[in-house]
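Structure, as structure tokens:
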């Protein structure tokens, strides 16, 4: 049941003692890097965990400004791995790891996988991208740490993915949620019956993009498996930061490795337990490139109370969006995942959708394109119109605006092998 029972079930008192010790060690180490040294981090005194609020925040722009080696705290010869963002908006953000960092990261991921029931006898197929992106290698090392036969297929080439799943008796996959839905479409098109043709397939790990509970349910029901939500970001290593246990009541965030805060994204003041805010994290075990009070821009909340699984580490809610992907339509704040959860569970709705934003006159206009379920009889115009009206009503209730809804034939919307491109903004500035 536990990969590391002593630390996973540690008392809150002892956990906070460990956090304070590791925080002090982390701050001392951080003063060795040019960025934090110039920031005057060594002038701050931390005697309690609440003293973390005295320290300055770190942002993605700070990481870019410190590019390439300004955040590194050890001699370059001790660094063994570099991961980086795509850098599509300019200078990429890079994160460096020592061998000790890689070992700690692999152990955190193994802890996550073991928690959901993954064992040495499992065959693990990793459909997430490798390379500079952390998703592939992060889960790969964790699965190997447990002892799984690990297949690094990476993303795309769906027919080959399914062939490997069938021929090597794959029992666990790591996949982006939108690609999991595409995989289901392909299975249907190829007349593959999951319970007959993929009998060993039992678990899926969904990560790398926000998704709704309705999407998870579609994946579970179609394949007849358990799907688990995971959370990670490159700045905090990558995957393995937080993970659902088998209770599926929020994601346990490993507090022996990360100090967690939830703040109001506007005032930066702490929010009350249970309130939605921006997740702020401090590394507690990374030696090559510790990061202090990193503003993730991800929106979530701490879940009060103890988990039935027996683990004492706090849980966070499913990521509801990011402060930087919020859409403002007619004065209303909207996150793409809200659109998804409004209709994804409806009968007749397929597995893909797209949001298009346009300017019409002086107003913004939202168009939601929704694929139909392949079993939906598309020539029954009365039923199609009833479905369209149900979707509009659900969206209006969820978003407080009334978007235009277009129903599309199954498979007609574009599929991305990486993170899904859900929003196309055509608005004029």
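Structural remarks
- Residue in the stretch 130-145 that is modelled with pLDDT of 95 or more and assigned to a loop (DSSP other than H, G, I, E, B) present: no
- Count of the stretch 34-44 residues which are outside any helix (DSSP H, G or I) and surrounded by 15 or more Cβ atoms within 10 Å (Cβ to Cβ): 1
- Of all residues in the stretch 297-318, exactly one satisfies the criterion of being within 23 Å of residue 53 (Cβ to Cβ), modelled with pLDDT under 95 and touching a helix residue (DSSP H, G or I) at 6+ places or on another chain (Cβ under 9 Å), namely 297.
- Qualifying strands (runs of 3 or more DSSP E) (wholly inside the stretch 333-429; at least 1 residues being modelled with pLDDT under 90, touching a strand residue (DSSP E or B) at 6+ places or on another chain (Cβ under 6 Å) and farther than 30 Å from residue 133 by Cβ): 349-360, 363-372
- Any hit, the stretch 57-78, residues being crowded, with 23+ Cβ neighbours inside 10 Å, in contact (Cβ under 8 Å) with a residue 24 or more places away in the chain and assigned to a helix (DSSP H, G or I): yes
- Search result, residues across the stretch 283-307 that are touching a strand residue (DSSP E or B) at 6+ places or on another chain (Cβ under 7 Å) and more than 27 Å from residue 212 (Cα to Cα): 283, 284, 287, 288, 289, 290, 291, 292, 293
- Condition met for residue 259 (under 14 Å from the mean Cα position of the chain (by Cα) and either touching a residue at least 24 places away in the same chain (Cβ under 8 Å) or within 24 Å of residue 100 (Cβ to Cβ) (or both)): no
- Only listed residue being touching a helix residue (DSSP H, G or I) at 6+ places or on another chain (Cβ under 6 Å), at positive phi and not assigned by TED's automatic domain parsing to the domain that holds residue 5, chosen from 361, 348: 348
- Candidates 140, 211, filtered to the one that is buried (at least 21 other Cβ atoms within 10 Å of the Cβ) and either touching a helix residue (DSSP H, G or I) at 6+ places or on another chain (Cβ under 6 Å) or within 30 Å of residue 323 (Cβ to Cβ) (or both): 211
- Filter result for the condition that a residue is assigned to a loop (DSSP other than H, G, I, E, B) and either farther than 30 Å from residue 147 by Cβ or touching a residue at least 24 places away in the same chain (Cβ under 8 Å) (or both), over 16, 47, 53: 47
- Residue 282 fulfils the conditions (1) touching a helix residue (DSSP H, G or I) at 6+ places or on another chain (Cβ under 7 Å); (2) buried (at least 20 other Cβ atoms within 10 Å of the Cβ); (3) not assigned by TED's automatic domain parsing to the domain that holds residue 15 except for a single criterion, (3).
- Answer from 288, 310 - the residue that is surrounded by fewer than 20 Cβ atoms within 10 Å (Cβ to Cβ) and not in a strand (DSSP E or B): 310
The values are calculated or read from the model by the stated rules, or taken from the named source; none is laboratory data. On a predicted model such as this, the values are computed, not experimentally measured, just so you know. Please note: Cβ atoms are built from the backbone with ideal geometry, for glycine as well, and neighbour counts cover all protein chains shown.
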